[in-house]
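Derivation of every value follows stated rules applied to the coordinates shown; laboratory data play no part. The structure presented is a predicted model; accordingly, all values stated were derived computationally and were not measured. Note: ideal-geometry Cβ built from the backbone for every residue, glycine included; neighbour counts use all protein chains shown.
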Amino acid sequence: MNTIAQPPVASDLQDVWALLETVTDPEIPVVSIRELGILRDIRRRHGELEIVITPTYSGCPAMGQIEDDVRATLQAHSLTARVVTQLAPAWTTDWMTDSARTRLREYGIAPPHTLAASNVVRFTTKPIAQHAIPAVACPRCDSENTTETSHFGSTACKALYRCLDCMEPFDLFKPH
Amino acid sequence: MAATGQAMNAHTDYLLHLADNALVLGQRNAEWCGHGPILEEDIALANMSLDLIGQARLLYQHVATLMSDGATEAVTEDALAYFRDAAEFRNYTLLELPHHGALAPGAAAERDYATTIVRNFLYSALMVLLWEALQGSKDTQLAAIAAKSLKEVHYHLRHSRDWLVRLGDGTAESHTKAQAALNHLMPYTQEFWTPSAMETAATQNATGVAAATLQDAWNSLVDDALLEATLARPPAGGYIPQGKNGLHSEHLSYLLGEMQGLARQHPEATW
């Protein structure tokens, strides 16, 4: 094969977005990195294709895997790209799409409240009584009669909950 | 714009101070991994260590980029974490102490969870204020790291504050242990407020913040929590540690010995 892949022209960037729609979070394989807000931009710079991603948490161990997955997906379509990690603006769960929230719930993870609705971030500026996270609905039976078992769950981005009606344990994707 | 050598040193020292704080506490708390008092706390401590080590990595990567600029040999984040000795570390002494109070020479002790919680609380209460302020740093990369870290440390403070209240306002035994941990650790926080050359320079350049300016806000966060936890704040005084200037307790070299041993024995190892 003697065709050499050219960096795509502007209209082709849409195709790259479509390609990368298949790259999912390694720990939550039902949502794509675009839906989670990890994939920030796809652009050309100095004739080179550039994929911009941002970490969720500083120590997120999935970032290396995500970078590899992005590269492998593009390579399978004879595209090469520079993967750039960008820190600012800092990732927030508010960037998560509605489709991601729905899919998380179906997967058994309660989606995060919006930052405006949660009292967690910047709680030091509020009286202590307002620290509590608002009611979290059980992703299995929708009951809001749930309780937090632990601030930290199977990963840093989740907290462990328990439904007091259906008695199932579940994860909450924490507002961040 | 090329920073002068001296200004550059003060700035990288300041960044290393922040990075070393995160790395040393992250390593110390990771000792609980597999040994937590209950499973949930085992996982919580490991998660927070992951955050801290992640913050340290971002800062070391930033320092490595700054130090490599114009240098003949590139500096790496691994070189900064694994190939500096104790006297080159700029973390607060508070963060390197083992998970128990002072012992007679030669005595051994189990890890004490109250010590872990009190230390995490005293440090997280400082860091929510410091990261908040550092979001305005003229070093835009530091400002970006601060904005990310701030979100994480809010959860760390929430965790340690909850447990502080639970232990302090719990049983007679948990109260006694929490009070003892507080009496042991509180004097070490005096180091937060003492001036250092790197912090003075960082303040002048508007790249950093002297923690001393946050003392009043920290006091109200701490006193508010201690009141709720029914714990008494020990009187200030005593020796003021100087870990941030490279003068450490005997505990740091043991911690580094464990953390750095593998990298030093197999410097090119990959997996």
Helix-only mean residue ellipticity at 222 nm, chain A, DSSP H runs n ≥ 4 weighted -39,500 (n - 2.57), per residue, nearest 500. What is it? -5500 deg cm²/dmol
Which three extents, in angstrom, do the Cα atoms of segment A:26-176 have along their principal axes, listed largest first? 55, 35, 24
Counting only the backbone N, which residues of segment B:81-123 are under 15 Å from the spot 7 Å out from the Cα of B:Gln190 toward its beta-carbon? B:93-94
Partner shielding of A:87-96, taken as the mean number of other chain Cβ atoms within 10 Å, equals 4
May I ask for log10 I(q)/I(0) of chain B at q = 0.10 Å⁻¹, from a Debye sum over the Cα atoms as equal point scatterers with solvent left out? -0.50
Which value in nm describes the separation of the simple spin-label points at B:Gln242 and B:Ala87, placed 7 Å from the Cα toward the beta carbon? 1.3 nm
Let me know the mean shielding of A:155-167 by other chains, meaning the per-residue number of their Cβ atoms within 10 Å of its Cβ. 2
Please list the equivalent ellipsoid semi-axes of segment A:10-85, computed as the square roots of five times the alpha-carbon gyration tensor eigenvalues, in descending order and whole angstrom. 20, 13, 11
Counting alpha carbon pairs within less than 8 Å and at least 6 residues apart, what relative contact order, in whole percent, applies to chain A? 17 percent
Can you sort A:Ser154, B:Ser149, B:Ser160, B:Ser174 from fewest to most other Cβ atoms within 10 Å of each residue's own Cβ? A:Ser154, B:Ser174, B:Ser160, B:Ser149
Given charges at Cβ of Lys, Arg, Asp, Glu: chain A dipole, positive-most of A:Val31, A:Thr102, A:Thr147: A:Thr147
Mean residue ellipticity (222 nm) of chain B, computed from DSSP H runs ≥ 4 via -39,500 (n - 2.57), nearest 500: -20500 deg cm²/dmol
Connecting C-alpha atoms closer than 10 Å in a GNM of chain B, tell me which of B:Asp69, B:Asp13, B:Asp139 has the biggest fluctuation. B:Asp69
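Would you order A:Trp17, B:Trp271, A:Trp91, B:Trp32 from fewest to most other beta-carbon atoms within 10 Å of each residue's own beta-carbon? Could you put the intermediate results ahead of the total?
On the way: A:Trp17 13, B:Trp271 2, A:Trp91 24, B:Trp32 21.
Least crowded to most crowded, the residues run B:Trp271, A:Trp17, B:Trp32, A:Trp91.
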Along Cα→Cβ, 7 Å out, is where each label goes; now give me the distance between the ones at A:Tyr107 and B:Asn205 in nm to one decimal. 4.2 nm
Treat the count of other C-beta atoms within 10 Å as a stand-in for reagent exposure and order B:Tyr254, B:Tyr82 from fewest to most. B:Tyr254, B:Tyr82
Largest first and in whole Å, what are the equivalent-ellipsoid semi-axes of the protein assembly as shown based on the Cα gyration tensor, each being the root of 5 times an eigenvalue? 37, 30, 20
Spread of Cα-to-Cα distances over 5 Å intervals beginning at zero, given as percent, for segment B:67-167: 2, 11, 13, 14, 18, 18, 10, 7, 4, 2, 0
Nearest-20 debye value, chain B charge dipole, Cβ charges on Lys, Arg, Asp, Glu: 260 debye
Can you compute the modelled spin-label distance between B:Arg264 and B:Leu103, with each label point 7 Å from Cα toward Cβ, in nm? 2.2 nm
Could you please state, rounded to a whole Å, how far the C-alpha centre of segment B:46-103 is from the C-alpha centre of segment B:165-224? 21 Å
Return the sequence-ordered ³J(HN,Hα) values of segment A:25-41 in whole Hz as given by the Karplus equation 6.51 cos²θ - 1.76 cosθ + 1.60 applied to θ = phi - 60°, using x for Gly and Pro. 5, x, 9, 10, x, 8, 10, 7, 5, 5, 4, 7, x, 7, 7, 8, 7
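Quick check: residue separation of A:Glu148 and A:Val84 times 0.36 nm, minus the Cα distance between them. What number comes out in nm?
19.4 nm
Using a cut-off of 13 Å between beta-carbons, work out the net charge of the residues near A:Gly153 (Lys and Arg +1, Asp and Glu -1, A:Gly153 not included).
Within the 13 Å Cβ shell, the charges total -3.
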